[in-house]
Amino acid sequence: MQREQRVVREACNVCETWIARVVPVSPVLRGHDFWRREGGRHIATPLLVALVVIETTDIVFALDSIPAVFAITRNPLIVYSSNVMAMLGLRSLYFVLADALQRLRYLRHGLALMLVFTGTKMLASDWIQISPGVSLLVIGVVLLGTIAASTLLPQQQANSA
């Protein structure tokens with residue numbers, strides 16, 4: 001039992017996370033419970049730590065998308081609802097994007113170009129007004145262009161001489 005606790009503690013440092021400062025965390029996972037009773041008190045399991053980390057990541061990604069939404073619109077309903085949807089769907093979208101990056105070799109360049117466009121639009125908003133429709137059109141054209149380039153252009157093979 002001691003060896004098992006030591007291996008878990010060294011592998012993931014669950015007992016030393018910021019969560020452990022708030023609640024005691026057990027280094028041992030037993031079953032599918034988030035909490036277990038030990039010595040008359042509740043102790044969090046590594047499963048609770050994993051859940052908190054995943055949900056915190058969702059919140060950080062949702063907050064990260066607020067500037068992008070403000071680049072498209074200032075409507076509070078759209079900003080709020082899009083960030084709620086971001087919290088609900090970004091984790092699954094990440095896995096789709098990770099898979100797509102392997103298949104579409106120019107997608108990284110297209111995503112970078114979209115970020116440059118969005119940042120430039122936000123910085124120049126005092127001088128140039130770009131409508132949400134034009135912003136979506138630019139983003140769509142860049143995305144479709146990188147997908148087309150990735151699928152239609154031949155991939156260069158490394159010459160082995």
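The values are calculated or read from the model by the stated rules, or taken from the named source; none is laboratory data. It should be emphasised that the depicted structure is a prediction, and the values quoted were computed from it without experimental measurement. We place every Cβ from the backbone using ideal geometry, glycine too, and count neighbours over all the protein chains shown. Note: accessible area is taken over every heavy atom of the protein model, side chains too, but ligands, DNA and RNA are not part of it. Shrake-Rupley method; radii C 1.70, N 1.55, O 1.52, S 1.80 Å.
Every residue, every condition in (1) part of a helix (DSSP H, G or I); (2) open to solvent by 50 Å² or more (accessible area, probe 1.4 Å); (3) modelled with pLDDT of 75 or more; (4) aliphatic (A, V, I, L, M), yes or no:
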residue: Arg74; (1), (2), (3), (4): no, yes, yes, no
residue: Val79; (1), (2), (3), (4): yes, no, yes, yes
residue: Leu90; (1), (2), (3), (4): yes, no, no, yes
residue: Tyr94; (1), (2), (3), (4): yes, yes, no, no
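Restricted to segment 148-157, and to residues that are surrounded by 11 or more Cβ atoms within 10 Å (Cβ to Cβ) and in contact (Cβ under 8 Å) with a residue 12 or more places away in the chain, which residue is farthest from Asn75 (Cα to Cα)? Walk me through how you get there before you give the answer.
In the first step, residues of segment 148-157 are kept if they are surrounded by 11 or more Cβ atoms within 10 Å (Cβ to Cβ); the result is 148-151.
Still in the list and also in contact (Cβ under 8 Å) with a residue 12 or more places away in the chain: 149-151.
Numbers: Ala149: 34, Ser150: 35, Thr151: 37 Å.
The extreme case among them is Thr151.
Pull up segment 101-147, narrow it to residues that are open to solvent by less than 40 Å² (accessible area, probe 1.4 Å), more than 24 Å from Arg74 (Cβ to Cβ) and among the aliphatic types (A, V, I, L, M), then point me to the one that is nearest to the chain's Cα centre (by Cα). Ranking the qualifying residues of segment 101-147, first place goes to Leu107.
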